[in-house]
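Coordinate-derived values only; no laboratory data. The structure displayed is predicted, hence computed values, not measured ones. Neighbour counts run over all protein chains shown; Cβ positions are idealised from the backbone, glycine included.
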Amino acid sequence: MSQILIKYDRVSKSFGSPYRSRKIPVFHDLSLTIGTNERIGILGPSGCGKSTLLRMLLGLIPFEGGKIFFRQQDIKKMTKVERKQFHQDVQVVLQDPLNAFNPVWRMQRSLLEPFVLFPSLKNLLQPENLIKTQLNAVGLEPALLNRYPHQLSGGQLQRLALARALLVDPVCLFLDEATSMLDVSIQAQIMQLIKERQKSKNMSVVIISHDRELIKHMCQRIYAFKDEKFGEIKPSEL
Ligand SMILES: Nc1ncnc2c1ncn2[C@@H]1O[C@H](COP(=O)(O)OP(=O)(O)OP(=O)(O)O)[C@@H](O)[C@H]1O
Ligand SMILES: [Mg+2]
């Protein structure tokens, strides 16, 4: 039985609209748990609130009701030090890969950034070699490191974002439609890599997608947005 790593406890979120005085609800009283060392799927149609869930966890947008916990700590009450550790432990590969990187940095600098940012990675020797090994694992040539983000394809950027996330050795990896720009065979290789890494490092993986087959293939537990409701479903219900 795995321990609870992340917990959403009856969280509600709505957005204001310039055309209406009332806020538009995205979800209400949503609960969800992510255990250590498990692969979770979050499934739902476009616009149902999947990326919103992730943005709330990362502190990018506020939420009105409920609480989110990371290792039993309320994420709104984290100290600066705890928050920094949280941002190392929880890595995300977001939906839009072009926005994942600083547009005026070559990729080399973006991939070296975690080694500058996170205390436990600062003293690692030869991070360049670790980066090259990680790039190889996602099927990319090191020569791409000399390019700027706009000089790369969407699929290459998605794999670079994944490589950067895995370099940090996260406790939990969120993939928000993170392989949507890859062709079927590369997507299958990447999913195999993620599964192997999850098992060897005891990492939790959360796959956010509207791709039923991908989630069915990859995930041990599945949550779904369906008919304005959110909850856990059995793989057989897919
Ligand atoms: N900043 C915002 N202001 C107002 N409404 C927003 C904002 N961000 C998202 N929304 C709305 O909230 C809803 C959920 O958006 P979200 O991006 O979470 O959907 P999603 O499930 O990730 O969709 P997709 O599969 O297309 O990525 C949508 O109706 C969207 O229009
Ligand atoms: Mg989304």
Problem set entry | Flag if residue 91 is outside any helix (DSSP H, G or I), touching a residue at least 24 places away in the same chain (Cβ under 8 Å) and surrounded by 14 or more Cβ atoms within 10 Å (Cβ to Cβ) | yes
For this session: Select from the stretch 36-51 the residues that are of a type in the set (S, T, N, Q) and farther than 14 Å from residue 207 by Cα and write down the one among them that is nearest to ligand 2 (Cβ to nearest atom).
Result: 46
Exercise. In the set 130, 94, which member is within 16 Å of ligand 1 (Cβ to nearest atom) and of a type outside the set (Val, Ile, Thr)?
Worked result: 94
Exercise. With (1) surrounded by fewer than 18 Cβ atoms within 10 Å (Cβ to Cβ); (2) more than 10 Å from ligand 1 (Cβ to nearest atom); (3) on the phi < 0 side of the Ramachandran plot; (4) not in a strand (DSSP E or B) as the list, and residue 69 as the residue in question, which single condition is left unmet?
Worked result: (4)
Seminar exercise, completed: Here the qualifying pairs (Cβ atoms under 7 Å; residues six or more apart or on different chains; first in the stretch 154-178 and touching a residue at least 12 places away in the same chain (Cβ under 8 Å) and more than 16 Å from ligand 1 (Cβ to nearest atom); second of a type in the set (Asp, Glu) and not in a loop (DSSP other than H, G, I, E, B)) come out as 170/89; 171/89; 172/89
For this session: Quick one: residue 46 ticks every box in (1) closer than 20 Å to residue 30 by Cβ; (2) surrounded by 14 or more Cβ atoms within 10 Å (Cβ to Cβ) except a single one, so which number is it?
Result: (2)
Exercise. From 94, 98, which residue is within 16 Å of ligand 2 (Cβ to nearest atom), out of contact with any Ser or Thr (no Cβ under 9 Å at 6 or more places or on another chain) and closer than 28 Å to residue 133 by Cβ?
Worked result: 98
Seminar exercise, completed: Here the qualifying pairs (Cβ atoms under 6 Å; residues six or more apart or on different chains; first in the stretch 41-53 and under 15 Å from residue 174 (Cβ atoms) and touching a residue at least 12 places away in the same chain (Cβ under 8 Å); second among the aliphatic types (A, V, I, L, M) and near ligand 2 (Cβ under 9 Å from one of its atoms)) come out as 42/208; 50/208
